[in-house]
1. Name the single residue, out of those in the range 8-20 being surrounded by fewer than 17 Cβ atoms within 10 Å (Cβ to Cβ) and not polar (S, T, N, Q), that is modelled with the lowest pLDDT.
2. Under 7 Å between Cβ atoms, which residue pairs at least 6 apart in sequence (or on different chains) link something in the range 254-270 that is under 15 Å from Lys159 (Cβ atoms) with a partner that is of a type in the set (D, E, K, R) and not in a strand (DSSP E or B)?
3. Given the structure, is Gln259 loosely packed, with under 12 Cβ neighbours inside 10 Å and either part of a strand (DSSP E or B) or at pLDDT 95 or above (or both)?
4. Are any of the residues in the range 178-199 among the acidic types (Asp, Glu), surrounded by fewer than 17 Cβ atoms within 10 Å (Cβ to Cβ) and assigned to a helix (DSSP H, G or I)?
5. Exactly one condition in (1) closer than 25 Å to Met178 by Cβ; (2) touching a residue at least 40 places away in the same chain (Cβ under 8 Å); (3) out of contact with any strand residue (DSSP E or B) (no Cβ under 8 Å at 6 or more places or on another chain) is not met by Asn211; state its number.
6. So, in the range 227-249, how many residues would count as being touching a residue at least 24 places away in the same chain (Cβ under 8 Å) and not in a strand (DSSP E or B)?
7. Mind checking whether some residue in the range 21-39 is modelled with pLDDT of 75 or more and either in a helix (DSSP H, G or I) or of a type in the set (Gly, Ala, Ser) (or both)?
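The values are calculated or read from the model by the stated rules, or taken from the named source; none is laboratory data. Being a predicted model, the structure only gives us computed values, none of them experimental. Ideal geometry is used to build each Cβ from the backbone, glycine not excepted, and the neighbour counts take in all protein chains shown.
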Amino acid sequence: MAGRRIREAIKNEFEAHMTTEMNVVLSGLCNIYTHYITTYEEYQVCKLTALSQRLFLMSNPFLTSVQRYEAASTIFGPHTLSAYIQLFRGLAKAIAEVIKRYFCCTENLLQRVFQLRAANFTLEYHLFQGTVRDLPNIPEPPIFNVTSLNFLPIVVDAKPLGRNYGDVLQDVQPKYRMGEVVDVRFVGANPRNSAENMTTFTFLTVEKYDNTSESWKVMYDDASWDTRFVWQKGNWGRSTAVVEWHISNNTEPGTYRIQYFGHSKELLSSIRAFSGSSSQFEVSD
């Protein structure tokens, strides 16, 4: 019902600005910022206490249950849906104004797009200048860091005698060719210790030396398609971090190195950041 009301409100807003036959598609992807959205009426029913629920069911013998999940999961309260509808209507109005201003009507929309593109007309710029700046400013949503709530047992790391976290256990070869795999192993720590830093954190980087600036430039990280990060759990808190780089055929030849980043948590100590680096190696055609 909530989704139906949003679609109807958006479509009505378009029609109110002479933009008809709009097909409104609602996607439910929201990450963790809103969770469930229920209607005001559903929210009131879900707020019934256990006693009032029983009385409600007794007076309505054809009902077998009352849902509680929706209200509990509508984390911004009973007027969440109304707030979303208000904002979506504002966005729909802005889009409708652009269509009226630059495309005249929806019937010749595609033809008008080609005409404006042929004339080097920057649609994105005029969308911003004509509509977005007129929308009201609203507060930015907070960053919900769910990793700050940790209900898992405490992790305790340990390292081999005479070693530090991030030390290289198996180093790279001096030279590689495109199509080969670089494999380097480090003294590791449990990746879960890095959870609080995951919004800006990477476990690895593949870096290329730039002769002009005489500095290292990050070419790949753990989000890259060609890299792999494997954590191998050992005994008594020890572990090994394996970093792989599958060298693609379009890789720039040059001097490279691989770095590993992590956080360790030893007994009776706080979480500490560390890093390790492989030796330099050459990549050629």
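1. Residue satisfying both the conditions and the ranking: Met18.
2. Within 7 Å, the pairs are Ser264/Asp157; Lys265/Asp157; Glu266/Asp157.
3. Judged against the criteria, Gln259 is not a match.
4. Yes, the range 178-199 has at least one match.
5. (2)
6. The qualifying residues number 6.
7. yes
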